[in-house]
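Engineer: After the structure tokens below, expect a handful of questions from me.
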Amino acid sequence: MNGLFILTVLSEFSSATRTKDLIIESFNKFYISLDRKRTF
């Protein structure tokens, strides 16, 4: 949950769209890997 909060703050205060997309993409990959570990 803390990760989502940090991501939201970064998204709101980040003026660079590219940086925002990279952060969201990397966070999504990390979150998906966590979900896979939980499943298996």
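Engineer: Kindly provide the helix-only [θ] at 222 nm of the chain, computed as the sum of -39,500 (n - 2.57) over DSSP H runs of four or more divided by all residues, to the nearest 500 deg cm²/dmol? Don't skip to the answer; put the middle values down first.
Structural biologist: Values: 2 runs with 35 residues, N = 40.
The per-residue figure over the chain is -29500 deg cm²/dmol.
Engineer: Need one number: the % of Cα-Cα pairs in the chain sitting beyond the 15 Å mark.
Structural biologist: 44
Values in this text are rule-based calculations from the coordinates and carry no lab data. Model, not experiment: these values are computed from the prediction.
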